[in-house]
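Student: Before I ask anything, let me first share the structure, which is written out below as C-alpha cells.
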Amino acid sequence: VFSRGERVVAHEAGIAERTVLIEFDSFERALAAYESEAYQKALAALSDGVERDFRIIEGIG
C-alpha cells in the first residue's frame, strides 16, 4: 500500500505537511529499507535540501 495525499488536516500537535505512507510486509523489512545502502546514498545526495520526519510504526493486523 502506498498513499500520498495533497490535502492534509492536522489536529493537536500535527504538522500540516505532505504525508507519504508506505506499507511493508514486516516491521523488520521497513527497518532494513531505511538502513539500506541505497536509501543512505539517497539521503546523502539530498543533504539538507529538505527536512524529513521519518517514522517506522508497527501496524496491527
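Student: Of all residues in segment 21-61, count the ones that are under 12 Å from the mean Cα position of the chain (by Cα) and open to solvent by less than 80 Å² (accessible area, probe 1.4 Å).
Tutor: Number satisfying all stated conditions: 5.
Student: How many residues, within segment 8-22, are assigned to a loop (DSSP other than H, G, I, E, B) and under 18 Å from residue 52 (Cα atoms)?
Tutor: 8
The values are calculated or read from the model by the stated rules, or taken from the named source; none is laboratory data. What you are looking at is a predicted structure, and each value in this text was computed from that prediction instead of being measured. Quick note on the areas: whole protein, heavy atoms, side chains included, nothing else; ligands and nucleic acids left out. Shrake-Rupley method; radii C 1.70, N 1.55, O 1.52, S 1.80 Å.
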